[in-house]
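See structure below.
The values are calculated or read from the model by the stated rules, or taken from the named source; none is laboratory data. Remember, predicted model here, so these are calculated numbers, not experimental data. Note: ideal-geometry Cβ built from the backbone for every residue, glycine included; neighbour counts use all protein chains shown.
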Amino acid sequence: MNYFFPIIAAFLWSGNTVVTKLCAGQISPTEMSFYRWVLACLVLTPFVLPQVVKNFRNLKPLTPRIIVLGLLGSVIYQCLAYYAASYTTATKMGIIQSLYPLLALILGSIFLRHRATAATLLGGLVSAIGVVTVISGGHIENLVKNGLSIGDGLMLIATLAFATYGMLIHKWNMKLPLLQSVYLQAIVATVALLPLYLFSEKNHISAEVVGYIAFAGIAASILAPLAWITGLGKLGAPRAAPFFNLVPVVTALLATQLLGETLSFAIVIGGALAIAGVVISETWRPKAQPVAQQQRA
C-alpha cells in the first residue's frame with residue numbers, strides 16, 4: 001500500500017504532460033498557466049488560508065524564498081513546458097523531464113558543494129547520451145548541424161529551472177507544511193502571470209479545455225505533490241525516488257494511446273538510456289572496503 005502514493009504521483013504527472021500537449025493550439029500557454037494556478041488557489045483557500053494567517057509570523061521571513069520558488073517552479077517551468085508542447089511530442093517531453101533528479105544532483109554538487117560521486121558522473125553521461133539520442137532522432141550529425149529544435153530546447157530549459165527549484169528546496173529546507181507551500185507558490189504564480197494574462201490574446205474556452213484546466217489545477221498541482229510527499233514519508237527518499245522514473249514510461253504509453261504518437265527506435269533506446277542514467281546516479285553506491293583493507297591503505 002505504501003507504493004500506491006508515489007505510483008499515483010507518477011501517473012498524475014505523466015497525465016499532466018499529455019494534457020499539456022492536448023492543450024497546445026487550443027489555449028495559450030499564458031492562459032493555461034494562469035487558469036491552472038487560479039483554480040489551485042480557489043480550491044486551497046478555504047482549507048489553507050486560515051493556517052497561513054495563523055502561521056503568518058513564521059512565514060513572513062520566508063517571503064523572498066517563496067517568491068523565488070513560485071517563479072521557478074510554477075511560472076517559468078510550467079509556461080516553458082506549455083510553449084514546448086507546441087513544438088515537440090509528449091513522449092520527448094517526458095524523457096527530457098526525467099533528467100530532473102539528475103540535474104538537481106549536478107546543481108547541488110556545483111552550488112551546494114555536495115560531493116559528485118562516480119555514480120553521479122556515470123549516470124549523467126549515460127542520461128546525456130540517451131537524451132541526445134532522443135532529440136536527434138538517432139542522427140547526432142543532424143543535431144550538430146541544425147541544433148536543438150525549439151520545443152526540445154524549451155523543455156530542457158524548463159527542466160533545468162525545475163531542477164534549480166529542487167536544489168533550492170533542499171538548500172533552504174524551509175519548515176513549511178506542504179499545502180501552505182503549494183498555496184503560497186500558487187499565489188505567487190497567479191500574481192506574476194496576471195499582467196501577462198491581461199495583455200495576452202484570449203481564446204475561446206471549450207468544455208474540453210475546462211477539463212484540462214481542472215486536471216492541471218487539481219490533480220497535477222495539488223494531488224500529485226500530496227501523493228509524492230506522502231510516499232516520501234512512508235518509504236523514505238531513497239526508496240521513493242526511483243518511482244519518478246515511471247513518469248517518462250507512463251507518458252510514452254499514454255501518448256501512444258491518447259495522442260497517436262509513435263515510438264521510434266531512437267526514442268525507445270534513448271529513453272531507456274536516460275532513465276538508466278538517472279537510476280544509476282540515484283541508487284548505485286560503491287561497495288565499502290573491509291575495515292582491515294581500509295587500515296592497510
From TYR77, TYR35, TYR87, TYR82, residue being part of a loop (DSSP other than H, G, I, E, B) and either closer than 24 Å to ILE213 by Cβ or out of contact with any strand residue (DSSP E or B) (no Cβ under 6 Å at 6 or more places or on another chain) (or both): TYR87
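Given the criterion touching a helix residue (DSSP H, G or I) at 6+ places or on another chain (Cβ under 7 Å), of a type in the set (A, V, I, L, M) and surrounded by fewer than 17 Cβ atoms within 10 Å (Cβ to Cβ), identify the matching residue among LEU112, LEU102.
Checking each option against the conditions leaves just LEU112.
Name the residues in the stretch 113-138 that are assigned to a loop (DSSP other than H, G, I, E, B) and at pLDDT below 80, would you?
Residues satisfying the conditions are ARG113, HIS114, ARG115, ALA116, THR117.
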Per-region count, the stretch 250-265, residues crowded, with 18+ Cβ neighbours inside 10 Å and assigned to a helix (DSSP H, G or I): 5
Sole residue being under 21 Å from GLU261 (Cα atoms) and not in a loop (DSSP other than H, G, I, E, B), chosen from ILE110, ILE96: ILE96
Positions within the stretch 235-257 being over 17 Å from the mean Cα position of the chain (by Cα), at pLDDT 80 or above and either charged (D, E, K, R) or under 20 Å from ALA276 (Cβ atoms) (or both), in sequence order: LEU253
THR91 crowded, with 18+ Cβ neighbours inside 10 Å and over 28 Å from GLY15 (Cβ atoms): no
Residue selected from the stretch 150-186 under the condition assigned to a loop (DSSP other than H, G, I, E, B) and not hydrophobic (A, V, I, L, M, F, W, C), by the criterion surrounded by the most Cβ atoms within 10 Å (Cβ to Cβ): PRO177
Unmet criterion (only one of (1) in contact with a helix residue (DSSP H, G or I) (Cβ under 7 Å, 6 or more places away or on another chain); (2) β-branched (Val, Ile, Thr); (3) farther than 30 Å from ASN55 by Cα) for VAL188: (3)
Failed condition for THR45, given (1) in contact with a Phe, Trp or Tyr (Cβ under 9 Å, 6 or more places away or on another chain); (2) closer than 29 Å to ALA255 by Cβ: (2)
So VAL68, is it part of a helix (DSSP H, G or I), within 22 Å of the chain's Cα centre (by Cα) and not small (Gly, Ala, Ser): yes
Matching residues in the stretch 187-209 - criterion: being loosely packed, with under 13 Cβ neighbours inside 10 Å and free of Cβ contacts under 8 Å to residues at least 60 places away in the same chain: PRO195, LEU198, PHE199, HIS204, ALA207
Among residues of the stretch 45-66, those that are touching a Leu at 6+ places or on another chain (Cβ under 9 Å) and over 14 Å from ILE169 (Cβ atoms), counted: 8
